[in-house]
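Any read-out appearing in this document is the output of simple, stated calculations on the displayed coordinates, not a laboratory observation. What you see is a predicted model; the values in this text were computed from it and never measured. As a convention, Cβ positions derive from the backbone with ideal geometry for all residues, glycine included, and neighbour counts pool all protein chains shown.
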Amino acid sequence: MLTTHPNPSPQRKDDGMEQTRERPTVAPLVDVYENDSELLLIAELAGATRESVDLNLEEGALTLSATRERTVEGAILGDEIGDADYRRSFRLPRGLDLENVSAELDHGTLRIHLPKAKEFQPRQIAITSA
Amino acid sequence: MFMPWNDFDRTLAVVDAMRRRMDRAFSDLAVSDVTRSGDTAQASLHDVGTELVLSVDVPGYKEDDLDLSVHRDVLTLKGQRQLEAPEGYRAHRVERRSQTFARSFKLSAPVDAEKTQAKLQNGVLTVRMTKSAEAQPRRISVKA
């Protein structure tokens, strides 16, 4: 599910090219939180399966993409949803431990944990009186 | 749903205007939307012969956050979710919001409430409703 690219590959570079498929690309809603040990991204991905979610870390950016497929057959009486691809990229700050990124999908909500590298985590220094 | 159609004739233009009105009627899925904003709880309705299937996007909602009721040919879905920042984190960007919504959908046929099933998976609520006996599709033979 998680792919990291140590060497940037030109094929996957986001250069603003247009999609050739008719499926719309939707930017999911994302919250970004931080505590002393990690950055936490929470994305809303209704209809996306675990297999369809792809996280790509490349050139200091995180690209989140996922696909939703319509599973219901039959005649459409009304449709506000439709098939769609989710996609969103975030520039990441320095000092993250990108080897240990983890993510979980639950109730259509993806939580991505980006731990901070040890040397960037705050340390409590005890102050002793002389 | 329909292919675009150019007004090359007055008669067709009238038909086209009608089609547009029907298109709008189809896209107005819900008969009532209470306190619903923007993209909240987007839905689609399918007719699969003996069943009607309603799908509603409710990412982040748990089973207990949703309330579903069916009466003859009207289905009402209410939802409420309270989102708070995870404990001990500070927020850099908050796009997801606490929400309350209520949507009522007029179904194209009366359904049997007893046989209605709802399932929440991947943030999508799927409601399968069996059409009541008189609304089941029947074959009618065509006579000359």
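Setting aside same-chain residues fewer than 8 positions from B:Lys119, which lysines have a Cα under 26 Å from its Cα?
Once the sequence-local lysines are set aside, what remains near B:Lys119 is B:Lys62, B:Lys78, B:Lys106, B:Lys131.
Give the Rg/Rh ratio for region A:34-86, taking Rg as the radius of gyration of the Cα atoms and Rh as the Kirkwood radius, to two decimals. Mind showing how you got there, number by number?
On the way: Rg = 15.4 Å, Rh = 13.7 Å.
Here the Rg-to-Rh quotient is 1.13.
What residues qualify as long-range amide H neighbours of A:Leu92, i.e. H under 5 Å apart, gap of 5 or more or another chain, H built at 1.01 Å from N?
Amide H neighbours of A:Leu92: A:Ala61, A:Leu62.
Taking the simple approach of a point 7 Å from Cα along Cα-to-Cβ for both A:Ser102 and B:Leu83, what is their distance in nm?
2.4
For region A:36-130, state which GluC sites (Glu not before Pro) are in a DSSP loop and have at most 15 other beta carbons lying within 10 Å of their beta carbon. Intermediate results must be reported in sequence, preceding the final value.
On the way: sites: A:Glu38, A:Glu44, A:Glu51, A:Glu58, A:Glu59, A:Glu69, A:Glu73, A:Glu80, A:Glu99, A:Glu104, A:Glu119; in loops: A:Glu51, A:Glu59, A:Glu69, A:Glu73, A:Glu80.
Answer by residue number: A:Glu51, A:Glu59, A:Glu69, A:Glu73.
If R0 is 30 Å, what FRET efficiency do you get for B:Arg72 and B:Ser141 from their C-beta distance, rounded to 0.05? Mind dumping the intermediate values first?
On the way: r = 29 Å, r/R0 = 0.98.
It comes to 0.55.
Only sites in a loop by DSSP and with at most 15 other Cβ atoms within 10 Å count here; which trypsin sites (Lys or Arg not before Pro) in region B:84-144 make the cut? Provide the component values of the computation, followed by the final result.
Working: sites: B:Arg90, B:Arg93, B:Arg96, B:Arg97, B:Arg103, B:Lys106, B:Lys115, B:Lys119, B:Arg128, B:Lys131, B:Arg138, B:Arg139, B:Lys143; in loops: B:Arg96, B:Arg97, B:Arg138, B:Arg139, B:Lys143.
Answer by residue number: B:Arg97, B:Arg138, B:Arg139, B:Lys143.
Could you run the Karplus curve 6.51 cos²θ - 1.76 cosθ + 1.60 with θ = phi - 60° over region A:105-111 and give me ³J(HN,Hα) per residue in whole Hz, x for Gly and Pro?
10, 8, 6, x, 10, 9, 10
I need the semi-axes of the equivalent ellipsoid of region B:31-134: take the C-alpha gyration tensor, multiply each eigenvalue by 5, square-root it, list largest first in whole angstrom. Walk me through the intermediate numbers first.
Values: eigenvalues 185, 33, 23 Å².
Calculated on Cα positions only, the semi-axes equal 30, 13, 11 Å.
Check which residues have an amide H placed less than 5 Å from B:Thr116's amide H, if you skip close sequence neighbours.
B:Thr130
What are the residues whose amide H is under 5 Å from the amide H of B:Val74, where those residues sit 5 or more places off or on another chain and H is modelled from the backbone?
Close amide H contacts, sequence-distant or interchain: B:Leu107.
Which of A:Leu40, A:Leu98 has the fewest other C-beta atoms within 10 Å, and how do the rest follow up to the most? All intermediate terms of the calculation are to be shown ahead of the outcome.
Numbers: A:Leu40 20, A:Leu98 16.
Arranged by neighbour count, lowest to highest, A:Leu40, A:Leu98 become A:Leu98, A:Leu40.
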